[in-house]
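Data first, discussion second: the structure below is written as structure tokens.
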Amino acid sequence: MKVKRRHVVIVAVLLLAAFVVIARLSAGKVNAKQTSDNASRTAAVVLVKRAPIVNAITLAGEFHPFQRVDVHAKVAGYIKQIYVDVGDQVKAGQTLAVLEVPELNAQVAGAKADIHRCRDSIRRAQSEMERSESEHSAYHAAYTRLKQASEARPGLIAEQELDDSMAKDKGTGAQVESSRAALSEAQSQLSVAQSNLDRLAAMEGYSRITAPFSGVVTKRYADTGALIQAGTASDTQSMPVVQLAEWSRLRLVVPVPESAVPQLSQGSIVQVHVSVLNRDFDGQVARLADALNDETRTMHTEIDVDNPTGTLKEGMYAEVKVVLHEEKDALSVPVQTIDRNGTSPSVLVVDASGHIQRQPVKLGVETSSRVEILSGLSENSSVVVGSRGAFHPGEMVKTKVVRDDGDQSEDNL
């Protein structure tokens with residue numbers, strides 16, 4: 001009985017051992033099959049490369065004239081003649097219109113007459129002064145001789161005669177001073193009259209309305225015969241003659257977002273694209289508001305664009321590319337390769353043995369399509385770019401290099 005039980009136990013042990021061997025063999029076959037299956041999967045990869053990378057933003061804006069002004073008259077009058085119309089190009093200082101101001105012309109004529117009167121007064125005063133000086137010289141000489149004779153021979157000249165001669169000498173001397181004062185007053189009156197004439201002549205010159213700068217006439221408000229009020233009167237709504245705009249250079253006004261303000265520098269050159277013309281122009285960042293709009297959180301920025309041929313027009317829309325940061329030789333990958341789900345960004349790298357590894361990276365300049373790699377990768381490393389969620393670290397894969405433009409190369413084992 002005992003022998004029989006011993007045989008049963010031995011048979012059971014042998015059967016168990018056989019099952020274990022068979023299970024291990026089956027597991028090895030399955031693992032081998034799985035490894036073979038994994039190795040047959042293909043992963044799309046890109047090669048890490050060095051290339052220039054530019055972080056830029058594109059902003060839309062509208063062209064405005066560099067200068068625009070309503071040209072007013074400084075004096076009131078009727079338009080005698082107007083020489084320009086809408087669309088005419090004018091030069092700085094060119095006559096736009098001439099006013100007829102009869103009252104001012106009469107005032108100028110009266111001021112000229114005052115000049116002549118003052119000059120006549122000066123001539124009379126000069127003649128009177130010369131006569132007084134001559135008379136005083138004679139009386140002074142006579143008194144001097146009488147005084148010398150009296151001192152040489154006392155009693156020879158009567159005291160009355162000597163006193164009369166001295167009185168005449170002093171009287172004519174006072175007359176000389178009076179004549180000089182009259183001459184000075186006449187000269188002062190001439191200066192006043194000349195200043196008044198200069199003022200009226202300047203006002204008369206304002207009857208000729210000229211262009212303050214070179215530009216294009218964009219509006220014409222008045223015609224021949226229209227009454228124009230003086231633009232200096234604060235209590236009247238004076239009508240301008242024309243509106244003038246400078247188009248040889250334009251201002252492109254764009255709103256720069258708050259995030260880009262620190263990188264924006266005055267004087268930098270930017271590229272301006274005008275879609276309606278399908279042309280690019282160079283612009284210069286000329287003026288910054290240095291303050292953000294509370295509602296839009298943007299900063300008013302003006303870019304000067306030269307327009308010597310008048311190709312660009314006021315009101316045209318344009319797009320400006322503002323470079324915020326640029327690296328000439330940066331190690332970079334497409335943004336699709338970056339996994340940002342963890343605490344730090346990472347990529348899936350296929351090593352030399354064909355296994356996938358997760359590699360943390362440090363990022364730098366980023367654009368809409370590429371991102372700079374500061375550390376974590378080396379040049380020509382293979383980085384998984386498509387279906388990253390389908391692969392796991394440790395898997396063995398085949399690689400298919402995909403160029404950044406979407407074209408594919410031959411398979412790499």
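The values are calculated or read from the model by the stated rules, or taken from the named source; none is laboratory data. What you see is a predicted model, and the numbers here were worked out from it, not measured in a lab. In this analysis, Cβ positions are derived from the backbone assuming ideal geometry, glycine residues included, and neighbour counts consider all displayed protein chains.
Within region 188-202, residues that are over 24 Å from R123 (Cβ atoms) reach no partner that is in a helix (DSSP H, G or I) and modelled with pLDDT of 90 or more with beta carbons closer than 6 Å at six or more positions or on different chains.
Only one entry of S178, S132, S195, S191 meets the criterion of being in contact with a helix residue (DSSP H, G or I) (Cβ under 8 Å, 6 or more places away or on another chain), of a type in the set (S, T, Y) and surrounded by fewer than 17 Cβ atoms within 10 Å (Cβ to Cβ), and that entry is S178. Of all the listed residues (E366, E379, E326, E295), the sole one being exposed (fewer than 15 other Cβ atoms within 10 Å of the Cβ) and modelled with pLDDT under 85 is E326. Considering (1) surrounded by 15 or more Cβ atoms within 10 Å (Cβ to Cβ); (2) under 30 Å from G77 (Cβ atoms), the lone condition that L252 does not fulfil carries the number (2). Return the residue satisfying two criteria in turn: it lies in region 387-397 and is of a type outside the set (A, V, I, L, M, F, W, C) and buried (at least 16 other Cβ atoms within 10 Å of the Cβ), and of such residues it is modelled with the highest pLDDT. Among those residues, the one meeting the criterion is E395.
Within the set A174, A222, the sole residue that is of a type in the set (A, V, I, L, M) and under 30 Å from R119 (Cβ atoms) turns out to be A174. Within region 137-151, is even one residue under 30 Å from S207 (Cβ atoms), in contact with a helix residue (DSSP H, G or I) (Cβ under 6 Å, 6 or more places away or on another chain) and surrounded by fewer than 17 Cβ atoms within 10 Å (Cβ to Cβ)? For region 137-151, residues under 30 Å from S207 (Cβ atoms), in contact with a helix residue (DSSP H, G or I) (Cβ under 6 Å, 6 or more places away or on another chain) and surrounded by fewer than 17 Cβ atoms within 10 Å (Cβ to Cβ): absent. Against the conditions (1) within 30 Å of S188 (Cα to Cα); (2) within 34 Å of the chain's Cα centre (by Cα); (3) of a type in the set (K, R), R117 satisfies every one except (2). Can you tell me which residue among K362, K313 is assigned by TED's automatic domain parsing to the domain that holds N380 and at negative phi? Answer to the check: K362. Filtering region 327-357 to residues that are in contact with a Leu (Cβ under 6 Å, 6 or more places away or on another chain) and over 20 Å from V402 (Cβ atoms) leaves only P345.
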